[in-house]
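The next block holds one structure in the form of structure tokens; read it before the comments.
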Amino acid sequence: MIKSMYFDKIAILWGGGLGDLLVLRPLLLALERANIKTTVITTAKHLSYNTTKAILGETTEIVHLEKKLPSLMSFIQKRRGFYDCIYLGPYPRTTTRMFSFVFKAKKRWTIKHPAVSPFIFEQIMQDVKMMGLQNFIDKKYPYEAIPWPNYQTEINIPSPIIIHLTSKQQWKTTVWPITKWLKLIDIISNNTKFPIYIIGTKSESNIINGVIANFNHKTQIKAMLSSSLEQTFRLLQKSKGVICHNSGILHLATMLKKPTVSITGASAYFWRPPYPWVKNISSGMCNLACNQYNCPIPFWNAKCIQEISAEKVWDVAKEHLGLY
């Protein structure tokens, strides 16, 4: 029995972004179905509780760590020696590695699997196998992990092109300039009749509404703000395809096997879906894939993404999404 062989209680030290949680979901499903008590510990709070719970499942405990020292120390004292295993995944940051020791768990799990793709989802799936949990999941889709039934949506609109042009603003190396997004949207609207939906959250409304204001004369371009995650999922399901940064929307589209163009920039190779329905675009001017918030090369100005032209993205999207 897997519980007696490995552990009864596991803590997962993990990011709290949409992409982070989606790639983790097969492991969470397997642990839940194996009745292993699971806690996800994160410092991220930008996703709503309902969204987080929909992805993590009903039995997974969610702990949002406070960065204030008294609260942090109190939590550590209560949980020290409590977990049988601390799961870090294949690519933990140095600070996460160091922090994991304070829990004094019986086992720390962080393994890179050279025999499979470096993409983080494939690495996690290999962990599921090594833990003996593969029979608890059914890999029907890249993530198996769709939180909602994969029925065909009844959204009564022609198949739209989905644009996701926002990202965490601290990611200077993975945010394509708005001026280039404007040019790309203009090219798409001039060369196709497909509806164009620019999606985002309420906090991003100023950016998105500013973009939309440039196209008030074009009724095919609309903003979709503050939709629930399931509503966004259904919209993607109905769509012609997706053009986005390397973000949570990319991984949601990947789950659906939707034709997707990812403007990748400095995103690490382990965050680039290797599947044929995803095209990862970089300028080719820097192949460090450094995954840093800011460009580590002095005066280079993140040419990995800054030098990607709107015409290049259009050429890829036209072919990949079938925009004829």
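The values are calculated or read from the model by the stated rules, or taken from the named source; none is laboratory data. Note that this is a predicted model, so its numbers are computed, not measured. Quick reminder, even Gly has a Cβ in these numbers, built from the backbone with ideal geometry, and neighbours come from all protein chains shown.
Can Lys168 be described as within 29 Å of Pro296 (Cβ to Cβ), in a loop (DSSP other than H, G, I, E, B), at pLDDT below 95 and charged (D, E, K, R)? It is true that Lys168 is within 29 Å of Pro296 (Cβ to Cβ), in a loop (DSSP other than H, G, I, E, B), at pLDDT below 95 and charged (D, E, K, R).
Filtered by the rule that a residue be surrounded by fewer than 22 Cβ atoms within 10 Å (Cβ to Cβ) and in a strand (DSSP E or B), segment 6-35 gives a lone residue, Lys9. Counting just the residues of segment 247-273 that are part of a loop (DSSP other than H, G, I, E, B) and within 14 Å of the chain's Cα centre (by Cα), which one comes out nearest to Ser167 (Cα to Cα)? In this case the residue turns out to be Ser247. The set of residues in segment 199-246 that are of a type in the set (Gly, Ala, Ser) and outside any helix (DSSP H, G or I) comprises Gly200, Ala223, Ser226, Ser227, Ser228, Ser239, Gly241. Consider segment 60-97 and keep the residues that are assigned to a loop (DSSP other than H, G, I, E, B) and acidic (Asp, Glu). The one that is surrounded by the fewest Cβ atoms within 10 Å (Cβ to Cβ) is Glu66.
With respect to Gln170, determine if the residue is touching a Pro at 6+ places or on another chain (Cβ under 9 Å) and either surrounded by fewer than 18 Cβ atoms within 10 Å (Cβ to Cβ) or among the acidic types (Asp, Glu) (or both). Walk me through how you get there before you give the answer.
Details: touching a Pro at 6+ places or on another chain (Cβ under 9 Å): no; either surrounded by fewer than 18 Cβ atoms within 10 Å (Cβ to Cβ) or among the acidic types (Asp, Glu) (or both): yes.
So Gln170 fails the test.
Is there a residue in segment 295-315 that is surrounded by fewer than 15 Cβ atoms within 10 Å (Cβ to Cβ), in a helix (DSSP H, G or I) and either among the hydroxyl-bearing types (Ser, Thr, Tyr) or outside the structural domain of Glu122 (by TED's automatic domain parsing) (or both)? Yes, that holds for at least one residue.
Have a look at Lys112, Lys67 and point out the one that is over 26 Å from Asn35 (Cβ atoms), in the same structural domain as Pro26 (by TED's automatic domain parsing) and modelled with pLDDT under 90. Lay out the reasoning, then the answer.
Values: Lys112 fails: modelled with pLDDT under 90.
It is Lys67.
Among the candidates Thr38, Thr51, which residue alone is of a type outside the set (Asp, Glu) and assigned to a helix (DSSP H, G or I)?
Numbers: Thr38 fails: assigned to a helix (DSSP H, G or I).
Checking each option against the conditions leaves just Thr51.
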